[in-house]
């Protein structure tokens, strides 16, 4: 069997005069490290790591290499991966590999990566996030025998750092929901206590106005928190 692991570079700077020089952001470095750790924990190893010559791709490759035990000097630079010349580039790279190599990691760019994955195997129908990996297996022992639609999806790794943020978001929402329930309980108790008081001023109308005021204040805080959270998640 042969295995091709296609990796999209991690999050990079948005602007640079020269696009090739765009480096990874601090968040991007964490993304790449999460992916490298995930591959390492799965016992994943490879005989070759190939990267585009763009800084963001090479930096992603270096971080992953460190995690899975590959020397930086053994990363091969392939200029054509940056140029986005199409899926043929990937097949050419694979055909030039020595058959003693069983697994190769290729770090590159979208949308070419998605196109290559879809062309290699018919059961891939996703869009790669930054620092995502799709591994495709091929039968046989010869790289030059690999052709379109002959591969099978071996695994797909979603951006691990974003997945962690999504889990944190769910936990936060649960805490907010719990807080809302406690606030509602407080409102009901307050309303009930006021009803028990024998005071003409504490009629139903005033109770409703008082409760509405508490709910309004509580809701404003909750929605603001959620909006801030959502903004932070998107920024990451």
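Throughout, read-outs are computed from the coordinates displayed, never taken from laboratory work. Predicted model, so just to flag it, every value in this text is computed and none were measured. Here the Cβ is made from the backbone with ideal geometry for all residues, glycine too, and neighbour counts use every protein chain on show.
Table for the structure above
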quantity: Neighbour-count order for 180, 75, fewest beta carbons within 10 angstrom listed first; calculated: 180, 75
quantity: FRET efficiency for residue 126 and residue 72, using Cβ-Cβ distance with R0 set to 25 Å, rounded to 0.05; calculated: 0.25
quantity: Sequence ranges 125-133, 54-62, ranked by mean other-Cβ count within 10 angstrom, highest first; calculated: 54-62, 125-133
quantity: Residue 95-residue 40 FRET efficiency (beta carbon distance; Förster radius 25 Å; 0.05 resolution); calculated: 0.30
quantity: Among beta bridges that DSSP assigns inside region 2-158, antiparallel share in %, nearest 5; calculated: 50
quantity: Span from the region 67-105 Cα centroid across to the region 1-16 one, whole angstrom; calculated: 12
quantity: Exposure proxy ranking, count of Cβ atoms within 10 Å, fewest first, for 78, 13; calculated: 13, 78
quantity: Two-site FRET efficiency, residue 186 against residue 158, from Cβ-Cβ distance with R₀ of 25 Å, rounded to 0.05; calculated: 0.05
quantity: Fully extended contour minus Cα-Cα distance, from residue 1 to residue 141, at 0.36 nm per residue; calculated: 49.8 nm
quantity: Proxy reagent accessibility, fewest Cβ within 10 Å first, across 97, 81; calculated: 97, 81
quantity: Peptides ranked, highest mean first, by Cβ atoms within 10 Å: ranges 134-144, 111-121; calculated: 111-121, 134-144
